[in-house]
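Take a look at the structure set out below.
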Amino acid sequence: MLEKKQHNYEKAVLVGVVTQNQDEDKLQEYMDELEFLAFTAGATVDRRFTQKLTQPDSKTFVGSGKAQEIKEYVKENEIGTIIFDDELSPSQLKNLEKEIEVKILDRTNLILDIFAQRAQTSYARTQVELAQYQYLLPRLTRMWTHLERQKGGIGMRGPGETEIETDRRIIRDRISLLKDKLKVIDKQMATQRNNRGKVVRAALVGYTNVGKSTLMNAISKSDVFAENKLFATLDTTVRKVVIGNLPFLLTDTVGFIRKLPTQLVESFKSTLDEVREADLLIHVVDISHESFEDHIESVNQILMEINAHQKPMIMVFNKIDDFSYEKKDEDDLTPGSHKNISLEEWKKTWMAKSKHPAVFISALTRENFPEMKRLVYDEVMKIHISRFPYNDFLFEYFDDEEEGSEKQD
């Protein structure tokens, strides 16, 4: 089920709805993210379809007229995949496949597919496989389209249902087996965490594709896989880092995303345990993304769900090298937007009043790196001193990068 495949980019269309809880601007943000998800999975987006509804249609998610429009466009342009922005119910999925007769995916299925591609270790693959089976179980009936050719009558009622029930039982058994396997691995990982002693533990958290792995590589001088795609890193990576004279452990974790499938939150419990048991959280934010405030809110929401929101935290606003804004003319009296705020102005907004210390950097070009390292050092030092109040340090903090440049001079 989890065999890695080389993806030829297939043509796809995206579908989303404007509802009472999701206005047009918000939908466009989600659709942009969905297009990036589709690209990461191996698809090119040919067109987007949107519709205004009070709430999604219970039968086909979109109205019957819009479903017909999508069907005609897909047929004319030889589109192989339709991707919906929200999770479809089993009945919606079945009705859409019957109506349009092409591959139908929803946001959850797409994210699961990306996770399946990205999973490298046995542990990550087990977690993803469990999430896939949990998603598949209530939707199993749609796989048995060959049975629809059977007509009612004597001797024709039983076998189809029996075959589906048999598969359901097999999947339930597989889910139970995977859960038991994860429990064993969870115990092993808990033992590993305990064996790390009393060293201060910091964890990188943040939205997906904000540069956590790039920052991890820069700080720890390691080679964690980093790529400008969503969910480049699934496996938790722990490295020993020394800043100044102070050693601590730094963990790179899986990125969060809006509308994260509940199956993944459950199956990636151990990965989230690394966050839950960390002493310090380093919240990395992509300041160049126009929706970075929403990303912060999404991450904070997940941290609250796993009861990790009270931990000491540093806000690291990354990708300042990619930040841009549109300067308004002095005689322009129209209301400003996020696009008109400069980096200096952002620093004076709520970020200046935040209870968490903040720093603005570029992990790629290492701009403002000494400032960030000093900030991390100070926060780790506070935790270390509270844990070891009688541990006097032999050396003052020093910047190893500056010292290196002095030696070269």
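The values are calculated or read from the model by the stated rules, or taken from the named source; none is laboratory data. Please read these numbers as outputs of a predicted model, since none were measured by experiment. Here the Cβ is made from the backbone with ideal geometry for all residues, glycine too, and neighbour counts use every protein chain on show. We work out accessible area using only protein heavy atoms, side chains counted, and drop any ligands, DNA or RNA first. Shrake-Rupley method; radii C 1.70, N 1.55, O 1.52, S 1.80 Å.
Shape class for segment 10-114: rounded, because the ratio a/c of the largest to smallest gyration tensor axis (alpha-carbon atoms, square roots of eigenvalues) is under 1.5. Residues whose amide H falls under 5 Å from that of MET313, counting only those 5 or more places apart or on a different chain, are LEU281, with hydrogens built in the peptide plane.
In segment 1-92, a dipole from Cβ-located charges (positive for Lys and Arg, negative for Asp and Glu) runs towards its positive end, and of ALA67, ALA41, GLN55 it is ALA67 whose Cα lies farthest in that direction.
On the beta carbon distance between THR166 and LYS221, with R0 = 56 Å, the FRET formula returns roughly 0.60.
Bridging of LYS328 to lysines at a Cα separation below 16 Å is possible for LYS339, once same-chain residues fewer than 8 apart are set aside. Computed from the Cβ-Cβ distance with R0 of 56 Å, the FRET efficiency linking ARG387 to LEU177 stands at 0.90. Of all lysines in the structure, the ones whose alpha carbon falls short of 18 Å from that of LYS179, not counting any fewer than 8 places away in one chain, are LYS187, LYS269.
Straight-line cross-link partners of LYS382 among the lysines, defined as a Cα under 27 Å from its Cα and at least 8 positions apart when in the same chain: LYS198, LYS212, LYS221, LYS240, LYS311, LYS347, LYS348, LYS353, LYS355, LYS373.
For LYS339, the accessible area of its heavy atoms, probed at 1.4 Å with every protein chain present, is near 110 square angstrom. Within a Cβ distance under 14 Å of GLU72, other residues only, what is the Lys/Arg minus Asp/Glu net charge? Charge balance in the 14 Å sphere: -2.
Once the 1.4 Å probe is applied to the protein heavy atoms, segment 10-114 comes out at 46 Å² accessible per residue.
Give the total of Lys-Lys pairs in segment 1-85 with Cα-Cα distances below 21 Å; include a pair only if its members are 8 or more places apart or on different chains. The result is 9.
Estimated at the nearest 10 Å², the accessible area of SER386 is 90 Å² with a 1.4 Å probe. Across segment 241-256, no residue has a backbone nitrogen under 19 Å from the label position 7 Å along the beta-carbon direction of ASN307.
For segment 41-98, the list of GluC sites (Glu not before Pro) that fall in a loop by DSSP and count at most 11 other C-beta atoms within 10 angstrom reads GLU78.
Between LEU343 and ASP23, residue separation times 0.36 nm minus the direct Cα-Cα distance comes to 112.5 nm.
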